[in-house]
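Notes follow once the structure below has been shown.
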Amino acid sequence: MSAIIVVGAQWGDEGKGRVVDYLAQEAHLVARYNGGDNAGHTVVAQGRTLKLHLVPSGILHRDALCLIGAGVVVNPERLVEEIEALAELGVAAGPERLKLSAAAHIILPSHRALDGARDAARGQGAIGTTKRGIGPTYADKAARVGLRAGEMGDPARFAERVAALVEEHNRRLERYGVEPVAPDEAAERYRAYAERLSPYLTDGTALVGDALAAGKTVLCEGAQGLLLDIDHGTYPYVTSSATVAGGALTGLGFGPAAVSQVIGVAKAYTTRVGRGPFPTELTDAIGDRIREVGREYGTTTGRPRRCGWLDVVILRYAARVNGLDGLALTKLDVLSGLERLRVAVAYERDDGARTEFFPAEFGVEELARWRPVYEELPGWEEDISGARRRADLPPAARAYVERVEEWVGVPLVMVGVGPGREQTVLS
Ligand code: GDP
């Protein structure tokens, strides 16, 4: 039995899509375990760029089955769109290959409206959510009033439930002074989605459990990253789900003994979208350069990402919280041409305290008291996008990779030197 878990080791957008895409070649089942269409994976295959928000990137591999697990929240409109976009590209994404866990929760238009209204009401304290309705849908799930995907099996009854929940949301929207959502219209649309999507419904735990019992490889794909985790991230500037490796177990429903490998994905620098603490942020020309060369604009929202130096304090914390066996470092090519590189190797406080692990638990005010301690390394001029082995990298790039490995204390199993599937340094 073997489950491989791929998690983001920073604030999301680390390039998990390409790592999952690579590992999916060996997988029988590729399963998403958290988040919703606030995630955005970009996969480049055979010269084609594909943006997927809900469907696991494994869909590009003909032999892999794909599962949207119980821990995911699903906007059915988006799912139907993705299935159709895949079909247009000639990628089969029918119910024989793509499965939707009956326990996944459904996002309604009124969840989306509430998301925007609530964040706007926070004013200066706004979290900067993606306004996809993710937070309100998880809130309804925790309050035990949510709609589960399995209810789509009875479209007429499902439509009634949609109308009732929209009406309840409308009462809250009214308090925010926001336009209500028409319950009948929503019910009608969702009835059509239910008819379209009910063939995809499955018992996710059975699918995963049977695959593991048969000795097959299950690749578990996390969305977002460690520091956006609801428990272990920079709360309240986090998402509403478990992004960490443990989230794969709860979000898909299997036990820890089946896990054979946990791979953390990190960029060779750091980015974050939206508000919240970011100790190694660069607000100067170097930050702008990383943003432009790395095309650091959100896949889902187009928002410019904040950019900064690599922070191994975060990566050590990622290794600890997720139990990382290996690290995949992406976008090393983006750093080419910078004269000197800095890496945060510890944080210090004015009272002399020092830490080598990201101090997330006491919250953002405490975090603001810590300053990064940097080490400086020489940069490299060369184009490294053709490198396939570490030996192909210029000495300074090789030294950067080796130092990161040493600082984090986890082996680097993969280094990305370009967006293409083959632009990977493996050994
Ligand atoms: P995810 O949400 O973690 O899967 O991240 P995204 O897929 O949104 O972001 C990764 C982006 O970086 C995509 O546009 C990828 O094509 C690109 N990318 C991934 N790895 C590399 C790399 O090694 N070099 C470069 N230049 N781009 C990369």
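Listed peptides 291-297, 175-181 appear in the order 291-297, 175-181 once ranked by packing, highest mean of other Cβ atoms within 10 Å at the front. Taking only Cα atoms and a 10 Å spring cutoff, compute GNM fluctuations for the chain and point out the largest among ASP37, ASP210, ASP115. Top of the fluctuation ranking is ASP210. To the nearest ten degrees, helix 204-213 and the longest principal axis of the Cα atoms of the chain are 50 degrees apart. Treating r as the C-beta distance of GLU167 and LEU89 and R0 as 60 Å, the FRET efficiency rounds to 0.95. So the label point goes 7 Å from the Cα of LYS51 along Cα→C-beta, right? Which residues of the stretch 4-20 then have their backbone N under 19 Å from it? Zone members listed by number: 12-19.
Here is the list for the stretch 46-150: GluC sites (Glu not before Pro) lying in DSSP coil, each with at most 12 other C-beta atoms within 10 angstrom of its C-beta, are GLU96. May I ask what percent, to the nearest 5, of DSSP beta bridges between residues of the chain are antiparallel? That works out to approximately 40 percent antiparallel. For the stretch 100-133, the set of trypsin sites (Lys or Arg not before Pro) satisfying both a DSSP loop assignment and a count of at most 11 other C-beta atoms within 10 Å is empty.
Ordering of 385-396, 133-144 by packing is 133-144, 385-396, highest average first (other Cβ atoms within 10 Å, averaged per residue). Calculated on the Cα set of the chain, radius of gyration then Dmax: 21.5, 65 Å.
Put simply, the amide H of CYS66, placed in the peptide plane, has neighbours under 5 Å in VAL30, LEU98, LYS99, leaving out anything fewer than 5 places away on its chain. A crude spin-label estimate for the pair GLU195 and ASP210, with each label 7 Å from Cα along the Cβ direction, gives 2.9 nm.
With 26 Å as the limit on Cα-Cα distance, the pairs of LYS51/LYS99; LYS131/LYS216; LYS141/LYS216; LYS51/LYS331 that go past it are LYS131/LYS216; LYS141/LYS216.
Taking amide H as placed 1.01 Å from N in the peptide plane, LEU341 has its amide H under 5 Å from the amide H of LEU377, GLY379, each at least 5 places away in sequence or on another chain.
Values quoted throughout were computed directly from the atomic coordinates according to the rules given, and no laboratory measurement underlies them. Since the structure is predicted, the reported quantities are computational estimates derived from the model, not experimental observations. Ideal geometry is used to build each Cβ from the backbone, glycine not excepted, and the neighbour counts take in all protein chains shown.
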